[in-house]
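Undergrad: Here it is, the structure, as structure tokens.
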Amino acid sequence: MSVLSAVPLAAETAVLWVALLIPSLLGLLAWRFPPQRMRPLLLVITPLPLATFWLLHRVAMGGELEGVWSLGELLLYWRLDGLRGLLLLLTQLLLLASATYAVGHRRAIAVAERTFAGFWPLLGGLATALGIIWVAADLLTLYVALELMGLCAVGMMLLPGKQAALVAGMRYLLYALVGSLAWLLGVALLLGVSGRLDLSGLAATTQPGTVTSIAMALLAAGLLLKAAIFPLHGWLAPVHASAWTPVSALHGALVVKASFFILMQLWQRLVPEAVAAAWLLGLLGSMAVVWGGLQAWRAQALKQVVAWSTVGQLGYLMLAFPLLAGTSAAVATLAWQATWLQLAAHAMAKAAMFMAAGNLVLAAGEGRLTDLAGTSRQLPFPLMTFGIAAVTLMGLPPSAGFTAKWLLLQAAILAGQWLWVAVLVAGTLLSAAYVFRVLRCAFVEDATRQEVQPLPAGMNLIALLLALAALGLGLGADWPLALIRAGGMP
């Protein structure tokens, strides 16, 4: 339990739940009164990350917060530590960026306010669902939040209303429902074995055995499907092809990672020493790094390059499992810190890259790489942002991606697991290959000068700030790493 006194605890709990629920209320308000300008929206949402930053400070000073929310006989458990607070802050910042960017995006694509209005409540619901996932400490709350997140994400993918968007969105919904079914079957088995749904209670009462292994396999399968981990990634690239840019940015940055977060929490509590299964997940991650990188290198459309890049980058997170199972404390500590720093770095860089790619496509009026020839002269700002975000994805210094991969490399070498070293090197080379392929197309000097559509300055600025933030996180990595250490492994 928290070591904070009773009075601050009540205040901090209130601030936490306000920070979680306010996005949904703001989304409903924006649905009724759609925002017309970026600056007022920026001022309205900014208090959310500030409140979360204050909560992080209080947690760092006084210890983690945890409690129970009682609904009659139903008990819902929650917990806030350094890691969860960091993920909540990341969500609030990306919500701020995506919402502000969306105002300019609506004007740029010339969509009527009435058509775009549905975006706002779905965005608010998605932000609330993500926040609840970060702090939930029981399987029931996690299930409700996971389903809310999935429904909001599917709804946002369907908003363009085009045939391609409808087909891809319905495919996404089908995959999500199959994942939910596997999740529910796993939860039912755990409930039957232990009679508990809270994570701490499950960790204390669940014994290793056939039923626990089957339950964990079902939970893992459902979550891997929702997280688009190879080979269950088939739905991810198509849904981004016709999705609006702010939707792709938030989805690629956070939505697919929420399922990984849940899987990691359950794995560390229920089967932390399942070495063979952990290596299987690591191998899946390795194949994701290679396959996603190859597909991004082969893709012909810019948004498809970024979408396939997400498949590959998610693979790095899966390398945590074999480095945490059956290894020394030093290896596990390095792997734990590297995993969450990589997640945060990728979230900011991926949102920035989707926004920069969206800006290039909107301004040039074309989405194929070959049609972007000459944009280095006419659209240097979004192209520069794309390149800065790519520095983090490639894992080059001084970005947070470099720091995370360096820690992961140290963990793999210390554990003697050389396969992951090879995967890290191959992934970096593949990332460089598809990034420089995009830049090569953009820097064709003899290309015919074409008309470009002017975009609101804020759209380029928001993407650039996110890309720079991913770099800055690497220079100031001590702070997030301290929060991750304070949160500790489950």
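Undergrad: Where residues in region 167-208 are closer than 25 Å to residue 229 by Cβ and of a type in the set (Ser, Thr, Tyr), which of them is surrounded by the most Cβ atoms within 10 Å (Cβ to Cβ)?
TA: Among residues in region 167-208 that are closer than 25 Å to residue 229 by Cβ and of a type in the set (Ser, Thr, Tyr), the one surrounded by the most Cβ atoms within 10 Å (Cβ to Cβ) is 172.
Undergrad: May I ask you to verify whether residue 188 is aliphatic (A, V, I, L, M) and modelled with pLDDT under 85?
TA: Spelling it out, it is not the case that residue 188 is aliphatic (A, V, I, L, M) and modelled with pLDDT under 85.
Undergrad: Determine if region 102-109 includes at least one residue that is among the β-branched types (Val, Ile, Thr), farther than 26 Å from residue 198 by Cα, modelled with pLDDT of 85 or more and over 18 Å from the mean Cα position of the chain (by Cα).
TA: Checking region 102-109: at least one residue is among the β-branched types (Val, Ile, Thr), farther than 26 Å from residue 198 by Cα, modelled with pLDDT of 85 or more and over 18 Å from the mean Cα position of the chain (by Cα).
Undergrad: Right, something else. Which residue, of 40, 23, 49, is more than 25 Å from the chain's Cα centre (by Cα), open to solvent by less than 70 Å² (accessible area, probe 1.4 Å) and farther than 23 Å from residue 333 by Cβ?
TA: Just one listed residue meets the conditions, 40.
Undergrad: Then there's this: Can you find, within region 246-280, the residue that is farthest from residue 431 (Cα to Cα) among those that are open to solvent by less than 10 Å² (accessible area, probe 1.4 Å) and more than 16 Å from the chain's Cα centre (by Cα)?
TA: Out of the qualifying residues, it is 266.
Undergrad: Could you run through region 41-64 and say how many residues are under 24 Å from residue 124 (Cβ atoms) and either out of contact with any helix residue (DSSP H, G or I) (no Cβ under 8 Å at 6 or more places or on another chain) or hydrophobic (A, V, I, L, M, F, W, C) (or both)?
TA: 13
Undergrad: Please pick out the residue among 140, 202, 189 that is under 24 Å from the mean Cα position of the chain (by Cα), farther than 29 Å from residue 352 by Cβ and among the aliphatic types (A, V, I, L, M).
TA: Selected residue: 140, the only one of 140, 202, 189 that is under 24 Å from the mean Cα position of the chain (by Cα), farther than 29 Å from residue 352 by Cβ and among the aliphatic types (A, V, I, L, M).
Undergrad: Can you tell me which residue in region 428-455 is modelled with the lowest pLDDT, limited to those that are open to solvent by less than 30 Å² (accessible area, probe 1.4 Å) and over 25 Å from residue 288 (Cβ atoms)?
TA: By that ranking, first place goes to 447.
Undergrad: Go through region 413-427 and give me each residue that's open to solvent by 30 Å² or more (accessible area, probe 1.4 Å) and without any contact (Cβ under 8 Å) to a residue 24 or more places away in the chain.
TA: Matches in region 413-427: 413, 416, 418, 422, 425.
Undergrad: Kindly provide the set of residues from region 395-407 that are open to solvent by 10 Å² or more (accessible area, probe 1.4 Å), in a helix (DSSP H, G or I) and either of a type outside the set (Val, Ile, Thr) or without any contact (Cβ under 8 Å) to a residue 60 or more places away in the chain (or both), ordered by number.
TA: 402, 405, 406, 407
The values are calculated or read from the model by the stated rules, or taken from the named source; none is laboratory data. The structure displayed is predicted, hence computed values, not measured ones. Note that each Cβ is placed from the backbone with ideal geometry, even for glycine, and that neighbours are counted across all protein chains shown. Quick note on the areas: whole protein, heavy atoms, side chains included, nothing else; ligands and nucleic acids left out. Shrake-Rupley method; radii C 1.70, N 1.55, O 1.52, S 1.80 Å.
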